[in-house]
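Here is the structure we will look at.
The values are calculated or read from the model by the stated rules, or taken from the named source; none is laboratory data. Predicted, not measured: the structure shown is a model, and the values here were computed from it. Note that each Cβ is placed from the backbone with ideal geometry, even for glycine, and that neighbours are counted across all protein chains shown.
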Amino acid sequence: MTTVTTAWLAELQDLLGADGVLTDPDVTASYARDQAMLAESGTPAAVVFPRSTAEVVAVMQTASRHGVPVVPRGAGSGLVGASNAVDGGITLVTTRMDAVLEVSPADRLAVVQPGVVNKQLRDAVAGAGLFYPPDPASYDWCTIGGNLAMNSGGLCCVKYGVTTDYVLGLEVVLADGRVLRTGRRTVKGVAGYDLARLFVGSEGTLGVITEATLALRPAPQASPVTLVASFPTSAQTGQVVESVVTSGLVPSMLEVMDRTCIRAVDDLIRADLDRDAQALLLARSDAGGEAARREIETLTRLCEEAGADFVHSTDDPAEGDLLLTARRMALPALERLGSVLLDDVAVPRSRVATFIDGCDAIAARSGLVIGVVGHAGDGNMHPTVVFDATDTDQRARAFEAFDAILELGLSLGGTITGEHGVGTLKADWLEREIGPVSMEVHRSIKHALDPDGLLNPGKVFRQVTP
Ligand SMILES: Cc1cc2nc3c(=O)[nH]c(=O)nc-3n(C[C@H](O)[C@H](O)[C@H](O)COP(=O)(O)OP(=O)(O)OC[C@H]3O[C@@H](n4cnc5c(N)ncnc54)[C@H](O)[C@@H]3O)c2cc1C
């Protein structure tokens with residue numbers, strides 16, 4: 001165990017107890033970075049585990065008095081380096097603040113601490129016939145605090161929206177240790193600026209979220225109906241996505257995989273997928289009973305009209321889940337082929353096919369494998385560049401391809417990130433999307449809330465002074 005050598009570390013140990021402050025570099029190393037293996041990260045001087053808002057306040061007061069940077073962290077499942085440590089700083093982990101404080105069926109809301117795991121909340125409300133929809137694929141280990149700070153999405157967002165759509169109120173500890181309570185428990189409420197949403201998606205740069213009041217929905221009908229369709233061209237999948245939008249269908253899931261992903265998944269799980277297809281669509285309706293069957297029948301017709309080679313649907317939950325496994329295995333299947341740079345671009349839904357074809361062209365130009373998988377229903381695509389990280393030339397080409405994908409997304413009227421966030425990985429890209437005036441406003445807000453730049457420095461944007 002490393003000896004505590006600085007005044008602020010000693011103060012933190014007094015506040016949180018020995019087991020609340022880790023300083024052994026062998027242990028703290030595992031809190032240094034998230035899942036974005038190629039994003040830059042530093043070495044924390046201490047990793048702290050507060051148990052309450054009061055302890056977070058105490059940590060922030062100590063940090064601000066001594067000018068020590070603080071990186072909030074949930075489960076570390078992020079994909080853009082947003083919770084990566086800062087050299088000599090404090091990493092504040094929320095996993096001990098993991099209580100579901102209240103589930104209110106009458107007000108259809110839940111109040112939770114930030115370290116509650118997404119699945120834990122979903123399970124806690126299911127007993128009351130309620131549903132917390134935002135469902136990142138990492139739902140069984142990522143935390144609500146991380147979901148809020150990244151405004152996370154997931155598979156069923158095409159129908160139910162993203163994290164911000166469920167935020168009623170927040171408690172946030174500011175950089176100087178003041179506690180801000182913002183938002184409400186009511187369905188409506190417009191008193192003052194919508195500060196709660198300011199913190200949603202702020203990636204830990206404006207405050208530490210210590211409590212959240214979240215809206216819930218009635219649980220959807222059991223027995224969803226699931227559809228799979230394969231197509232000889234990606235343009236046809238794009239046509240289906242457009243037809244779904246124009247016809248007013250709202251499936252609870254509409255996912256796409258390109259040929260690279262289809263083959264990688266088939267190699268991994270032997271799912272008997274159509275290996276010659278250029279693209280595969282997976283859709284689900286949770287409208288219940290006859291309504292779900294009708295929705296999937298319409299979708300079947302749209303797929304056939306677009307020229308699908310194969311369309312199959314099932315209301316057998318086990319078979320439906322098996323079909324979705326193919327989608328969920330896309331990333332692990334690509335990871336077997338080499339190191340991966342996972343991108344996250346959202347384009348207008350009418351440009352999905354153009355985007356997939358553009359990624360194919362980038363793959364051909366770079367001489368690297370790029371698999372495209374994504375939430376076609378909301379235009380949020382995850383092109384994944386596969387390369388050999390030990391090969392300097394391939395590594396350089398992979399980053400070039402990653403940038404070319406961002407460029408392509410912007411050129412199609414899209415955004416550099418649909419759900420994974422900016423972190424450090426895309427910090428140099430933010431201004432290109434939002435422009436200088438928006439950057440100025442961002443910096444002014446950051447300066448107003450965190451004048452010394454102590455909260456998660458280097459994330460979202462590099463230079464923070466207005
Ligand atoms: C296999 C896999 C699949 C994924 N699928 C999806 C997906 O479908 N959709 C999606 O959107 N994302 C997805 N992600 C990304 C990731 O899981 C989400 O961004 C998630 O919300 C991060 O939660 P976390 O608890 O791990 O946060 P961390 O990674 O620990 O932190 C993320 C950010 O939140 C900040 N933060 C954490 N807690 C707080 C707090 N209490 N107050 C203030 N700031 C805080 C951190 O500073 C950091 O900026 C996936 C990741 C993996 C590994």
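Observations on the structure shown:
- Those residues of the stretch 99-136 which are free of Cβ contacts under 8 Å to residues at least 40 places away in the same chain, within 11 Å of the ligand (Cβ to nearest atom) and of a type outside the set (V, I, T), in sequence order: N118, P134, D135
- Output for the stretch 137-160, where each listed residue is within 6 Å of the ligand (Cβ to nearest atom) and surrounded by fewer than 24 Cβ atoms within 10 Å (Cβ to Cβ): A137, S138, C142, G154
- So V179, is it within 11 Å of the ligand (Cβ to nearest atom), touching a residue at least 12 places away in the same chain (Cβ under 8 Å) and over 13 Å from the mean Cα position of the chain (by Cα): no
- The one condition in (1) more than 11 Å from the ligand (Cβ to nearest atom); (2) under 20 Å from V56 (Cβ atoms); (3) in contact with a strand residue (DSSP E or B) (Cβ under 6 Å, 6 or more places away or on another chain) that G74 fails to fulfil: (1)
- Checking each residue in the stretch 167-193 for being more than 24 Å from S152 (Cβ to Cβ) and in contact with a helix residue (DSSP H, G or I) (Cβ under 7 Å, 6 or more places away or on another chain) picks out D176, G177, V179.
- Odd one out for V172, checked against (1) modelled with pLDDT of 95 or more; (2) farther than 17 Å from T213 by Cβ; (3) within 8 Å of the ligand (Cβ to nearest atom); (4) among the aliphatic types (A, V, I, L, M): (2)
- Among the conditions (1) in the same structural domain as P348 (by TED's automatic domain parsing); (2) more than 30 Å from R301 (Cβ to Cβ), the only one that V244 does not satisfy is (2).
- Within the stretch 129-176, tally of residues that are outside any loop (DSSP other than H, G, I, E, B) and among the small types (G, A, S): 4
- Helices (runs of 4 or more DSSP H) lying entirely in the stretch 1-109 (those with 3 or more residues that are surrounded by fewer than 15 Cβ atoms within 10 Å (Cβ to Cβ)): 7-16, 25-28
- Residue within the stretch 428-441 that is buried (at least 23 other Cβ atoms within 10 Å of the Cβ) and not basic (K, R) present: no
- The stretch 309-328 residues that are outside the structural domain of E297 (by TED's automatic domain parsing), paired with ones that are at pLDDT below 90 (beta carbon under 6 Å, 6 or more apart): none
- S366 being polar (S, T, N, Q), in contact with a Lys or Arg (Cβ under 6 Å, 6 or more places away or on another chain) and surrounded by fewer than 24 Cβ atoms within 10 Å (Cβ to Cβ): yes
- Filter pass, I262 being of a type in the set (A, V, I, L, M, F, W, C) and more than 15 Å from the ligand (Cβ to nearest atom): yes
- Of the residues making up the stretch 361-384, just one is of a type in the set (D, E, K, R) and within 21 Å of G418 (Cα to Cα), namely D378.
- Pairs with Cβ under 6 Å, 6+ apart, first in the stretch 190-208 and free of Cβ contacts under 8 Å to residues at least 40 places away in the same chain, second more than 10 Å from the ligand (Cβ to nearest atom) and part of a helix (DSSP H, G or I): R197/T164
- Exactly one residue out of L206, L198 is within 16 Å of the ligand (Cβ to nearest atom), among the aliphatic types (A, V, I, L, M), modelled with pLDDT of 95 or more and not in a helix (DSSP H, G or I): that is L206.
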